[in-house]
1. What three numbers, in Å, describe the spread of the alpha carbons of the protein assembly as shown along their principal axes, ordered from the longest?
2. Could you list the trypsin sites (Lys or Arg not before Pro) in the stretch B:91-181 that lie in coil according to DSSP, counting only those with at most 15 other Cβ atoms within 10 Å of their Cβ?
3. Sorted from shortest, what are the nm distances separating the label point of B:E125 from equivalent points in the other copies, each placed 7 Å from Cα along Cα to C-beta?
4. Could you list which residues have their amide H under 5 Å from that of B:I47, counting only those 5 or more apart in sequence or on another chain, with H placed in the peptide plane?
5. Under a Cβ-Cβ cut-off of 15 Å, what is the net charge of the residues other than B:A28 that fall near it, where Lys and Arg count +1 and Asp and Glu count -1?
6. For the stretch B:64-124, calculate the relative contact order in percent as a whole number, restricting contacts to Cα pairs under 8 Å that are 6 or more residues apart.
7. Counting alpha carbon pairs within less than 8 Å and at least 6 residues apart, what relative contact order, in whole percent, applies to chain A?
8. Would you please give the residues with an amide H less than 5 Å from that of A:V185, counting only those at least 5 places away or on a separate chain, with H modeled from the backbone geometry?
Number of protein chains: 2
Amino acid sequence: MKTQQAVAQRSTHMNGLDVQATFDTIDAIKSDSSLAKFQFRARNAWIDGGINRSTIRDFYGAGREDHSRDSDFVFMNGEPPVLLGNNEGANPVEFLLHALAGCVTTTLITHATARGITIQELSTELEGDLDVRGLLGLDDSVSPGFEQIRIRMHVKADCSDEALDDLLAYTQQHSPVCNTVCRPVPVKIHRATS
Amino acid sequence: MKTQQAVAQRSTHMNGLDVQATFDTIDAIKSDSSLAKFQFRARNAWIDGGINRSTIRDFYGAGREDHSRDSDFVFMNGEPPVLLGNNEGANPVEFLLHALAGCVTTTLITHATARGITIQELSTELEGDLDVRGLLGLDDSVSPGFEQIRIRMHVKADCSDEALDDLLAYTQQHSPVCNTVCRPVPVKIHRATS
């Protein structure tokens, strides 16, 4: 009985995702595209110098406000001594690399599952080049942001190298954070007057 | 004696930043631009489904490898139930908002200090619109990334509204994460073959 349950469970899960729920979600969005609209949010408060703290909890998606989280996620930004801080947290550009790493990973897992590919191992190493003359306004020809970001991906799967390379290319094109970095996305800053 | 020390300390710090160290850093980079070159890094390992974990520690900057951190920063990505997870962590696009919030905050504080403006309060609220049809590959006309990100900034400072608006515009142009989002930045994914 226990063995049968285990087999049944394996057959509906792949790469840690519920395969039926994945396809049900895709079908629901296909029949009502308004369910695909999400709004994510963060609130941040400056503490001192290069230290500030974000809280993340609510968002809108799948046609309603989400109430699944019973507490906030809280993250601290800090800076290392060479950037005038005391390592109170990772710094913002490092958090961007974390976001990018996580997004390409989850995007790859999602599409591997949709294609019936089992992923055995997946890890990434990221490097991003940044020239702080841009941040400091010392040279207008230097962009303040990352010049380039490189991701080295280690992946083992039950498919051919060709199928894996196709999955990686698809992942790069469809990862929300990768797309936000690769494409110009408008950021509107509005000063609250009250 | 204690009072004199307190006064001396106040006079060299503004907005939690060491003013002398800030200008020393700027002068050092002006005289040797190679000190401005940084490389930031993250390592990430997939755990299961939409769960993965990043470790952040070392980086290169100011002409050398940094060894100031005696332990890793560790962050978990997860997904809410509506995106097939169990809220094991904030999700990658939420971490991107945290990175952006932190970066505009630290950039504003840095340039306020360089301009001699004291910031009394600073907080931000961010919203980003995302249509998951892009991620899922259901409609090629829908971008997978954020369509737009809005930042509402609450700030109190010892300067005029005009000086504050000028500082905000400068911050938007010089924040590394904001610039990475607003500008197309190349992301190169390479599959390790060994």
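Since every read-out is calculated from the coordinates, none of them should be taken as a lab result. Given the structure is predicted, the values throughout are model-derived calculations rather than measurements. Neighbour counts are summed over all protein chains in view; Cβ atoms, including those assigned to glycine, are modelled from backbone coordinates with ideal geometry.
1. 80, 49, 41
2. Filter output for the stretch B:91-181: B:R115.
3. Listed shortest first, these distances are 4.3 nm.
4. For B:I47, whose amide H was placed from the backbone, the distant partners under 5 Å are B:N52, B:R53.
5. On the way: positive: A:R133, B:K30, B:K37, B:R64; negative: A:D131, A:D139, B:D18, B:D24, B:D27, B:D32.
Summing Lys and Arg as +1 and Asp and Glu as -1 gives -2.
6. 18
7. Values: 239 pairs, mean separation 27.7, N = 194.
Reported as a whole number, the value is 14 percent.
8. Under 5 Å from the amide H of A:V185: B:C182, B:R183.
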